[in-house]
Amino acid sequence: MSDIYRRTAKGEEEIEKRTYKLDHFHRFVLIMINGKKSSDTIISNSSEQWNADQCLNDLEKNGFIVNIKDSPNSLSSSSTGDVQQRLIATIQKHLPNNNTKVINKILNAENTHNKLSDAIDSACIFIKLTISEDTSVKLKSELHQILDRSTKL
């Protein structure tokens, strides 16, 4: 069975800011990592000159990606996608406008219960500071309930 990788916070930082100045082959492979595609798919969709198999090994060794099966407390990629979609739908219900920053906090969180919980807390602090405390409190409670129910399944 092929491995499935997800980007770490370091990997996300490289995508957004090019902090670590990866060469373009490693960067191309890193961009393809989404927590859903198998390593076989990534390799087959890559040019031979990229040496995608070696790039995956290098990215994992240097902390840009992590194998989902090795990630502590990780939710399965389909479970994470479902949870994220439910969290986003709830955010959109409470914040129909100007919700991009809040949604991005959820989408950019690592797929562990703790990291998604931290993202919810961070998003709700942002809501408290920019929108209202009442909205923040209600949304935080509802989002944590969704997250907690998903990890009990």
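At a glance:
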item	result
Residue among 118, 134 that alone is loosely packed, with under 13 Cβ neighbours inside 10 Å and in a helix (DSSP H, G or I)	134
Count of the range 15-47 residues which are acidic (Asp, Glu) and at pLDDT 90 or above	2
Residue count, the range 34-69 (criterion: out of contact with any Lys or Arg (no Cβ under 8 Å at 6 or more places or on another chain) and part of a helix (DSSP H, G or I))	20
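The values are calculated or read from the model by the stated rules, or taken from the named source; none is laboratory data. For clarity, every value in this text was computed on a predicted model and none was experimentally measured. Methodologically, a virtual Cβ is constructed for each residue, glycine included, from the backbone with ideal geometry; neighbour enumeration extends over all protein chains shown.
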